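All remarks here apply to the structure that follows.
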Amino acid sequence: MPPSKSSLINLKNLSVKTVGSLFSKTLELKKNFNQYQRSAGVYHSGYKGTAALLFLEPSTRTRFSFEAACSRAGYHPLILDGIAGTSLEKGETIEDTIFNIEAMRPLFFVIRSDDQFDMQQMVEKISVPIINAGWGKRGHPTQALLDAVTIFEKRGDLAKQNILFIGDIKHSRVVSSHIELAATTGSPLAFCAPENFLPEQITSGVKVFRKLEEALDWATVIMALRVQKERHGVDAWFSVEDYRKNFGINLDRVQKLNPDSLLMHPGPINYGVEIESEILTDPRCVILKQVENGVFLREALIRNLFDGDL
Ligand code: NCD
């Protein structure tokens, strides 16, 4: 299989059929997993080879999720977790690191990196496919897919869901991937954020709300985003107090939502900033469902890309 065909760097040009089959497979794996658990059976795919997971930026959910998905799909994950203790600390480049790991014959790479590294170009330089596990601000395709499958599972047709992103949209790779995915699913998207958290260019068709109350009235799916201080420049203004007052999701705001709406967050959460912990027990809050579905989605994707299975 040529790498460009089985790599996943972004969600551009995905067909409705591909997304549909990926979601069906994800939900089928979930159903089977639950059945295996109930009958104390063994969920086992047999060993197919190794997968190289390179996490050059911090991660908990995505790294664990890919490790679990690889194992469940039969690919043993080999993990480079941060640059500490690796030759990257001695000045070796990421590219050289990848060439050396490629020589050890993994069947595919899963890579998280900052914007400086050119993941797209790397795909052309090696013969092993790459799955993007978060690339700077450019994209986080499997996060958008796992969010979308969770919405689909709970609410059905994505084209009928108004998805609202609240907060640090400017620095969010999750939003970048959702914009690409919406071209396939047809979901209407909107932003609500302080001026300095909005991107310079708003993608055509995306609504912008100034007032949170109006945005919440419009939305059927509410996706709060982490304030990503690590990506802010020195001049970025940010007052927790103002943010919490104007954009924070609290019980009072949640109680006014439609009973059918969904409350989501890609994690990790800054409690007391974008979300108050009191909302976690609300039945509309599906944050941990996103995490649960993430493993099934990634397993389905790996099986699709590398086993031709859907
Ligand atoms: C996101 C990420 O790393 O892009 N989290 C995740 O992968 N679940 C969002 C974030 O860091 O805020």
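Under a model in which nothing but the beta-carbon of Lys, Arg (+1) and Asp, Glu (-1) is charged, the chain shows a dipole of about 900 debye around its Cα centre.
The stretch between residue 115 and residue 292 holds 60.9 nm of extra length on full extension. This uses 0.36 nm per residue minus the Cα-Cα distance. In plain terms, the residue of 61, 105, 72 with the fewest other Cβ atoms within 10 Å comes first and the most crowded comes last, giving 105, 61, 72. By how many degrees, 0 to 90 and rounded to 10, does the Cα axis of helix 287-307 deviate from the longest principal axis of the chain? Helix 287-307 and the main axis of the chain meet at about 30 degrees. With the cut-off at 1.5 for a/c, could you classify the stretch 144-290 from its C-alpha gyration tensor as rounded, prolate or oblate? Because a/c hits 1.5 or more and a/b fails to exceed b/c, the stretch 144-290 counts as oblate. Placing unit charges on each Cβ (+1 for Lys and Arg, -1 for Asp and Glu) gives the stretch 144-290 a dipole about its Cα centre, and among 279, 221, 208 the Cα reaching farthest toward its positive end belongs to 221.
Per DSSP H run of at least 4 residues, take -39500 (n - 2.57); add these up for the chain, divide by its residues and hand me the 222 nm value, nearest 500 deg cm²/dmol. Could the numbers behind the result be given before it?
Details: 11 runs with 125 residues, N = 310.
Computed mean residue ellipticity for the chain: -12500 deg cm²/dmol.
Assigning unit charges at the beta carbon (Lys, Arg +1; Asp, Glu -1) and nothing else, what dipole magnitude in debye, to the nearest 20, does the stretch 268-310 show about its Cα centre? Before the final figure, lay out the partial values.
Working: 4 positive and 8 negative charges, 26 e Å.
Around 120 debye, computed over the stretch 268-310.
This ranking places 229, 289 by how few other beta-carbon atoms lie within 10 Å of each, fewest first, which gives 229, 289. With neighbours defined as other Cβ atoms within 10 Å of a residue's Cβ, the residues 87, 204 order from fewest to most as 204, 87. When the pairs 12/125; 25/229; 12/256; 170/211 are compared against a 25 Å limit on Cα-Cα distance, 25/229; 12/256 fall above it. Projecting label points 7 angstrom from Cα along Cα→Cβ for residue 281 and residue 207 puts them 3.3 nm apart. Comparing 172, 251, 191 along the charge dipole axis of the stretch 151-310, the residue lying farthest to the positive side is 191, per the Cβ-charge model.
Only the coordinates and a few stated rules stand behind these numbers; no lab work does. In this text the structure is predicted, and so the values were computed from the model without any measurement. No Cβ is skipped: glycine too gets one built from the backbone with ideal geometry, and neighbour counts run over all protein chains shown.
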